[in-house]
Amino acid sequence: MHHGIRKLLLLGAGHAHVHVLAQLAQHRPADLDVTLLTPFGYQTYSGMTPGFVAGHYTEAECQIPLEPLARAAGVRWVQGRCTGIDATARRVQWAATGTAPADAALPYDLLSIDTGAVLDRRRLDADMPGVSAHALIVRPIEGFAKLWPQVLEMARSRPLSAAVIGSGAAGLELLFAAEHALRTQCLPGSQFTLVTGGADVAGNYPPGVQARVLQQLKRRGITVLRDSCTGMEAGAVQLGSGATLACDVPILAIGTHAPPWLQGSGLALAETGHVLVNAHQQSTSHPEVFAAGDVASRADAPHPKSGVYAVRAGPPLAHNLMAAHHGKPLKPHHPPKHTLNLLSCGPGHAIASYGPLHAQGAWAWRWKDRIDRGFVAKYLRAASAQAG
Ligand SMILES: Cc1cc2nc3c(=O)[nH]c(=O)nc-3n(C[C@H](O)[C@H](O)[C@H](O)COP(=O)(O)OP(=O)(O)OC[C@H]3O[C@@H](n4cnc5c(N)ncnc54)[C@H](O)[C@@H]3O)c2cc1C
């Protein structure tokens, strides 16, 4: 049992935390003081970002406004970015991203981390010199979304050569979306290349899905290079084979990194630097710390880092935060073995897969559209239900 008010600090408004906020909007214990530290007044839903690039959604349609949700939940929103955690002193250092200055470190009794993963500029430049200066990097996604309209502007004055580096789901969806946008909204003649990093196209998917993706790439006249990017300079991507690819718009969508500010936090980290958590999404070293989504690694049940898993972690995380506050038993979260993957190939077509099963068509794209719009709408409703 505890006495007095306890402080719960939520870092980031990722997929699991928007669920925690919606739960708090329904019921927040009177003895729980909750603060949300996150850099933007909205959460960009990455699943809809390729649709934004393609021109199917506006930027606002891909966003969950956080201020109304935090207000409905009785949560204080601090606009800033975590820059370090002192898990021994139970404090978080942060830097302001809004107008209010960052003053003292934020103390906590309970901490929950859902800040997602990053593309660490220092590591990128060490592996591929010039990348941070010349590439359009997909994370943070908010920065990418702000820069995309400038690409469209350029492509309205001359055809471009564009390349996507990275052939995972995000890279492929962005490539199909970019090709669709430039073909339908800009001057004809732009060229597209996929640089796979040397791996197979859609290497994380079963062979049947890979074949479908290759067919879609061929249909759109997209060149595939099974080569790696080793560096960039203005107008050019250097490749591992020694060749140079002339390129106006190199989009970098490779695998992500753990946030560097976790180093030195005192929290147990996986080899990859992610927060190591147990079946309760609870730090294996600090029971008052929880983590979910791409920032965390399950020690007992490692699973791919994706939005689908981050969403699934929301309800158990919300439950366990409240249970930890009340001193009640925590519930284990069992991540699913297979998840439904809907890979959009530009608006109007998607490839659906679940474990070894796969199919494609316009119906799969409509299905994805309905799920994605439904996700955002759910949290708009959670905020307005309390306001109303
Ligand atoms: C273009 C694209 C398309 C994708 N499509 C899909 C898809 O269709 N399906 C799928 O399953 N996955 C998809 N993914 C992967 C998916 O985006 C991630 O797996 C997912 O976003 C992880 O969710 P999260 O909750 O961990 O973090 P995020 O969604 O990244 O949310 C992190 C939150 O923390 C905040 N934040 C970041 N840094 C800090 C900090 N230092 N301090 C405080 N707050 C911080 C951010 O502003 C944000 O609010 C896609 C990725 C990309 C790039």
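The values are calculated or read from the model by the stated rules, or taken from the named source; none is laboratory data. Small disclaimer: the values here were computed from a predicted structure and weren't measured. All Cβ positions, glycine included, derive from the backbone under ideal geometry; neighbour counts span all protein chains shown. Side chains included, ligands, DNA and RNA excluded: accessible areas come from the protein's heavy atoms. Shrake-Rupley method; radii C 1.70, N 1.55, O 1.52, S 1.80 Å.
List of remarks:
- Scalar couplings 3J(HN,Hα) for segment 31-40, obtained by applying the Karplus form with A = 6.51, B = -1.76, C = 1.60 to θ = phi - 60°, are 9, 10, 9, 10, 10, 10, 9, 7, x, 10 Hz; x denotes Gly and Pro.
- Under the criterion of Cα pairs below 8 Å and six or more residues apart, the relative contact order for segment 80-211 equals 15 percent.
- In degrees, nearest ten, helix 362-387 long axis to first principal axis of the chain (Cα): 30
- The share of accessible area on segment 121-255 that comes from carbon and sulfur is 53 percent, using a 1.4 angstrom probe.
- If R0 is taken as 25 Å, the Cβ-Cβ distance between THR244 and LEU152 corresponds to a FRET efficiency of 0.45.
- Each Lys or Arg adds one and each Asp or Glu takes one away; over the other residues whose Cβ falls under 15 Å from the Cβ of VAL53, this sums to -3.
- Over the chain, relative contact order from alpha-carbon pairs under 8 Å, at least 6 apart, %: 20
- For the chain, with +1 on Lys and Arg beta carbons and -1 on Asp and Glu, the positive-most of TRP367, LEU330, LEU10 along the dipole: TRP367
- Rolling a 1.4 angstrom probe over the protein heavy atoms with all chains in place gives the chain an accessible area of 44 Å² per residue.
- Spatially proximal lysines relative to LYS368 (Cα-Cα < 18 Å; intrachain offsets below 8 disregarded): LYS378
- Estimated distance in nm for a label pair at TYR354 and TRP367, the labels positioned 7 Å out from Cα along Cα-to-Cβ: 0.7
- Overall form of segment 121-255 per C-alpha gyration tensor (a/c, 1.5; a/b vs b/c): rounded
- Largest-first ordering by accessible area, 1.4 Å probe, given options ARG122, ARG226, ARG370, ARG90: ARG122, ARG370, ARG226, ARG90
- Within the same chain, aspartates and glutamates fewer than 8 places from LYS337 are excluded, and of the rest, those with a Cα less than 20 Å from its Cα are ASP294, ASP300.
- Against the chain, whose longest principal axis comes from its Cα atoms, helix 141-157 is set at around 20 degrees.
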